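Report on one structure; see the data block that follows.
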Amino acid sequence: MDNTIIQQGRFTSTGEAVELQIRSDVDWMRVINYTIADADQTAAIGVEYYWQRGMAADTGISYLKSNAAAAANLTNAMASGGFTLLDTSDSPLGPINATITAISAAAPPVSTNTGVNALSAGDVVRLTNVAGAQQLGGLDFTVGNATLSDTTFSLDYMPLIVAGTTGSWRKVNFQPQFYPRHRAISSISAAQSAVVIMTVTHGFTVGQEVKLVVPAAYGMVQADSLQGKITAINTATNSITLDIDSSAFTAFAFPVSAIVPFSPALVVPVGQAVEGTTSNLLDDATINTSFLGMKLAAGTASPAGANANVIYWVAGKSYSVSNA
Amino acid sequence: MLASTASFINATGGTNGDNPTELTRSDVDDVIRTLADNNAYTISANIRGEDRFGTAPVRDAYFALASTKLIGDLENVQGFIAKAQYPSPMEALREEWCSISNLRFLVSSIGSVSVGASNLGADVYNVFNVGMEAFAVIEQDGYSSQFLYRPPIYDGPLALNASVGYKMAQVPRITNDAWIINLRTTLAA
């Protein structure tokens, strides 16, 4: 196995898909469900999984275990629910889906689509060219926490808008590479300590310094270019509280469709959380969060297993790969 | 790093119907005004005018770092001065394309692009307009990057293959966000 780089590990399944960070890109991978291997199985069930470079995304080979059933110890090619290579710096967008038929005048607005959107709560979606709601075009939104079905998803942190009709959406698979990231603003309160809500889960922490960018189209021009420290965060409302007194500012109003084109209002991270002279000055340094790795699908017939399953895995790099 | 964290504005002066629009002089003026308001220093000095046909003096300027895909659009912006029209072209940088007002545009084939990020789903080109010392690269462990080559005799028992690679130990940082603006633009229709 000259020139092979191997990485291995273990995790306990939560029943959700798992993304493993694996160095040097991976050419093959084997996963063993120790929990399944440790007990007799009356029905054929996945106990070991294998993937190598050249297989299509979300596929692999599974080995089934059943001590009692006739269909025991089978090798099975997986059409789905398998392994998917990850490179978070590449292909961050899913395909364009021109399936939006309406976006409601509600808070939060709910988008209705034809077909099955296959989204999960907390996914990030980019909207484009929504008739009647062009102000949403090109912006990213965390979706699905308030309303989610095969044909609907909520724009979780948006205020009331005038209803839109047809448009397109695409999933944003990965965050921008570097942390902390700028975020588009959906609202700013007029209060002694301004509360800022953003369209995408922000990831900021208390103590970070941020700058507000508020173009004239949003009304609250007094907040433009102001810098403040985050004094509190609220993950439920996706908001941050700043030491900025906005109580006398003009009200913040998200632009309407007719205002397009305009620049979005932003929260821009500009400084690190330094609470004392002995604090680590680099604790909020700009961090490259990209990684190479593998996504394991979850479930009793998939490599990430079912809830509480103990999973062992090993991954390697081949000297050369020939997929003629 | 700049695309993820720097503040940005959309080009809005164009007529292609998208958001952002294509690049226009009013967008260039917005950027210059903002950087000047924030007391950013220009990076390059004036190039003094000379008595030569077809040339024009070049103002002291901030640098605009852009994709080569914008070359056509740049030439349509009011005030465009190609580097061949500089009184002394030898003072232009190799990667420089033009000067517009107080911006000098440096283009690269790997300039930043945000795929499908406009209102109409077009690619958005990030033009990073920077003043002096707006951002920096901090080298770690005494080097910024290393190119590594292992000849075949060290790379396998049969000496069949060589290998090359590189590693970098550096951290890019914005030193003052007020001195850098990402002007996002789409291409003209």
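Structural remarks
- Evaluation of B:T34 against (1) assigned to a helix (DSSP H, G or I); (2) farther than 29 Å from B:T175 by Cα (one fails), failing number: (2)
- Condition met for A:T205 (hydroxyl-bearing (S, T, Y) and open to solvent by 10 Å² or more (accessible area, probe 1.4 Å)): yes
- Scoring A:I287 on the criteria (1) at pLDDT below 95; (2) open to solvent by less than 40 Å² (accessible area, probe 1.4 Å); (3) touching a Phe, Trp or Tyr at 6+ places or on another chain (Cβ under 6 Å); (4) not aromatic (F, W, Y) leaves a single failure, condition (2).
- Pairs linking a residue in the stretch A:296-324 that is on the phi > 0 side of the Ramachandran plot to a residue that is assigned to a strand (DSSP E or B), with Cβ atoms under 7 Å and 6 or more positions apart or on different chains, are A:G299/A:G81; A:G305/A:N33; A:G305/A:I311; A:A308/A:T12.
- The residue that is surrounded by the fewest Cβ atoms within 10 Å (Cβ to Cβ), counting only those in the stretch A:101-144 that are in contact with a Phe, Trp or Tyr (Cβ under 9 Å, 6 or more places away or on another chain), in contact (Cβ under 8 Å) with a residue 60 or more places away in the chain and assigned to a strand (DSSP E or B), is A:V124.
- Some residue of the stretch A:230-248 being at pLDDT 95 or above, on the phi > 0 side of the Ramachandran plot and either under 18 Å from the mean Cα position of the chain (by Cα) or facing chain B (nearest Cβ under 9 Å) (or both): yes
- Any hit, the stretch B:35-45, residues being in contact with a helix residue (DSSP H, G or I) (Cβ under 6 Å, 6 or more places away or on another chain), among the small types (G, A, S), within 14 Å of another protein chain (Cβ to nearest Cβ) and in contact (Cβ under 8 Å) with a residue 60 or more places away in the chain: yes
- Matching residues in the stretch A:160-196 - criterion: being under 21 Å from A:G137 (Cβ atoms), away from chain B (no Cβ under 13 Å) and open to solvent by less than 40 Å² (accessible area, probe 1.4 Å): A:I161, A:S186, A:S187
- Candidates A:T14, A:T35, A:T84 - the one that is out of contact with any helix residue (DSSP H, G or I) (no Cβ under 9 Å at 6 or more places or on another chain) and closer than 30 Å to A:G167 by Cβ: A:T84
- Against the criterion of being open to solvent by less than 30 Å² (accessible area, probe 1.4 Å), among the charged types (D, E, K, R) and assigned to a strand (DSSP E or B), A:K229 does not qualify.
- A:A17 vs. criteria surrounded by fewer than 19 Cβ atoms within 10 Å (Cβ to Cβ) and within 22 Å of A:S66 (Cα to Cα): no
Residues checked against (1) open to solvent by 10 Å² or more (accessible area, probe 1.4 Å); (2) among the aromatic types (F, W, Y); (3) modelled with pLDDT under 95:
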position: B:M1; (1), (2), (3): yes, no, yes
position: B:P20; (1), (2), (3): no, no, no
position: B:S26; (1), (2), (3): yes, no, no
position: B:V31; (1), (2), (3): no, no, no
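- Remark: pairs (first residue in the stretch B:111-124, more than 11 Å from chain A (Cβ to nearest Cβ) and without any contact (Cβ under 8 Å) to a residue 60 or more places away in the chain; second residue of a type in the set (D, E) and open to solvent by 10 Å² or more (accessible area, probe 1.4 Å); Cβ separation under 9 Å; 6+ apart in sequence or on different chains) = B:V113/B:D123.
- Whichever residue in the stretch A:297-315 is hydroxyl-bearing (S, T, Y) and surrounded by fewer than 20 Cβ atoms within 10 Å (Cβ to Cβ) and, among such residues, is farthest from A:A56 (Cα to Cα): A:Y312
- Applying the condition of being touching a helix residue (DSSP H, G or I) at 6+ places or on another chain (Cβ under 8 Å) and assigned to a loop (DSSP other than H, G, I, E, B) to the stretch B:134-188 and asking which residue is least open to solvent (accessible area, probe 1.4 Å) yields B:A134.
- Members of the stretch B:111-133 that are open to solvent by 10 Å² or more (accessible area, probe 1.4 Å), under 20 Å from B:A188 (Cα atoms) and outside any strand (DSSP E or B): B:G111, B:S112, B:V115, B:L120, B:G121, B:A122, B:D123
- Test: residue in the stretch A:69-83 that is modelled with pLDDT under 90, in a strand (DSSP E or B), farther than 30 Å from A:Q177 by Cβ and not hydroxyl-bearing (S, T, Y): yes
The values are calculated or read from the model by the stated rules, or taken from the named source; none is laboratory data. Just so we're clear, the structure is a prediction, and the values are computed from it rather than from any experiment. Positions of Cβ are generated from backbone atoms using ideal geometry, with glycine treated the same way; all protein chains shown enter the neighbour counts. Remember, those area values only see protein heavy atoms, side chains included, never the ligands or the DNA or RNA. Shrake-Rupley method; radii C 1.70, N 1.55, O 1.52, S 1.80 Å.
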